[in-house]
Amino acid sequence: VDAVVCAFLLCHLPTLGQVMQEYARVVRPGGRLVLSDVHPLLILLGWRAQFRTASGEAAYITLHAHLLSDSLQAFTAAGFRVRGCYEPRLTPEAAGTVVGAHVPEAQHAAFGGLPGLVIWDLERDSARVPAEDSHG
């Protein structure tokens, strides 16, 4: 394929190697891969995928933090080169969580201004064959 866009997947996977090898298998040399995900800093600070159940209770999904250096290693091993990396910051309004409704000012102060996302713009290297999965 010429291009793949994937949003909020990698943080649900414990390792990156296998998914990156699969992207390399389907993206043609010279093709593009654009990934967005929860920024690992937020995950390391305890951020979780949050939602309310049908009964209104707060529920969470544990996320896996992939350091930017880990991501770079997995991208390179799979035969991708980085065209761009963007880290948009959370606005105070976007820094809310399910539990933050109890202390919104404290939560906005704690998370507002931190990088909320990491967005990668990758290109499949046309001169390189992906390495075997060495990063799990």
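So the values come out like this:
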item: Per residue solvent-accessible surface (Å²) - the chain, probe of 1.4 Å; result: 55 Å²
item: Accessible carbon and sulfur surface of the chain relative to its total accessible area, %, 1.4 Å; result: 58 percent
item: For the chain, calculated [θ]222 nm from helices alone, where every DSSP H run of n ≥ 4 adds -39500 (n - 2.57); result: -6500 deg cm²/dmol
item: The chain - percent relative contact order, Cα under 8 Å, separation 6 or more; result: 35 percent
item: Whole-number percent relative contact order across region 1-69, with pairs defined as alpha carbons under 8 Å at least 6 apart; result: 38 percent
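The values are calculated or read from the model by the stated rules, or taken from the named source; none is laboratory data. Because the structure is a prediction, the values reported are computed rather than measured. Each accessible area value is taken on the protein alone, full model and side chains, heavy atoms only, with ligands, DNA and RNA left out. Shrake-Rupley method; radii C 1.70, N 1.55, O 1.52, S 1.80 Å.
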